[in-house]
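Since the structure comes first, as structure tokens, the remarks are kept for the end.
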Amino acid sequence: MPGKTEIKWLEKPADTDYGAAESYLSLLYKPRKSRRIARRLRAAKMSQFSAKDILRASATSMSEVSAFDWTEQQREIERGDALSPILIVRQNKGRRLLVADGFHRLCALFVADERVRVPCKIV
């Protein structure tokens with residue numbers, strides 16, 4: 001994206017984002033644990049981290065970023081639509097972060113400006 005685009009944000013994640021996060025987490029954890037993590041995400045305070053740091057901590061390779069189709073999210077950024085903050089889960093013992101919801105937004109943001117501060121909830 002040429003030049004800097006102002007990124008607009010919703011004040012908090014959309015309610016549907018928590019369901020999407022729980023659905024994703026249910027592929028990794030048992031349903032009870034997935035629900036518990038989703039509840040913790042809902043209760044978490046808002047934070048901010050740079051897009052590049054989130055991607056690095058999630059061990060997402062640049063080829064993986066390129067492999068996904070995030071053109072719709074890129075169009076939302078270009079139109080000035082407010083984006084929903086992303087939902088992140090820390091794993092034990094410093095293992096990689098899980099982007100429970102918002103991975104495509106994160107990829108589009110990284111390409112727009114890798115240093116952009118991304119509002120998120122993290123548990």
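Numbers for the structure displayed
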read-out	value
Number of positions in segment 92-123 that are farther than 15 Å from Leu10 by Cα, at pLDDT 90 or above and either surrounded by fewer than 16 Cβ atoms within 10 Å (Cβ to Cβ) or in contact with a Pro (Cβ under 9 Å, 6 or more places away or on another chain) (or both)	1
Any hit, segment 68-89, residues being in a strand (DSSP E or B) and exposed (fewer than 13 other Cβ atoms within 10 Å of the Cβ)	yes
Filter result (assigned to a helix (DSSP H, G or I) and free of Cβ contacts under 8 Å to residues at least 24 places away in the same chain) within segment 28-37	Pro31, Arg32, Lys33, Ser34, Arg35, Arg36
Residue satisfying condition, being more than 14 Å from the chain's Cα centre (by Cα), free of Cβ contacts under 8 Å to residues at least 24 places away in the same chain and on the phi < 0 side of the Ramachandran plot, within set Arg56, Arg115, Arg40, Arg79	Arg79
Segment 10-44 - residue that is touching a Ser or Thr at 6+ places or on another chain (Cβ under 7 Å) and not aliphatic (A, V, I, L, M) and, of those, surrounded by the fewest Cβ atoms within 10 Å (Cβ to Cβ)	Ser26
Matching entry among Ala100, Ala82, Ala43 (being farther than 26 Å from Glu6 by Cα and among the small types (Gly, Ala, Ser))	Ala43
Single unsatisfied condition, Lys12 versus (1) outside any loop (DSSP other than H, G, I, E, B); (2) modelled with pLDDT of 95 or more; (3) charged (D, E, K, R)	(1)
Test for Leu41: is it in contact with a Pro (Cβ under 9 Å, 6 or more places away or on another chain) and either assigned to a loop (DSSP other than H, G, I, E, B) or of a type outside the set (S, T, N, Q) (or both)	yes
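The values are calculated or read from the model by the stated rules, or taken from the named source; none is laboratory data. Just so it is clear, the structure is predicted and the values come from calculations on it, not from any experiment. Here Cβ is always computed from backbone atoms with ideal geometry, including for glycine, and neighbour counts include all displayed protein chains.
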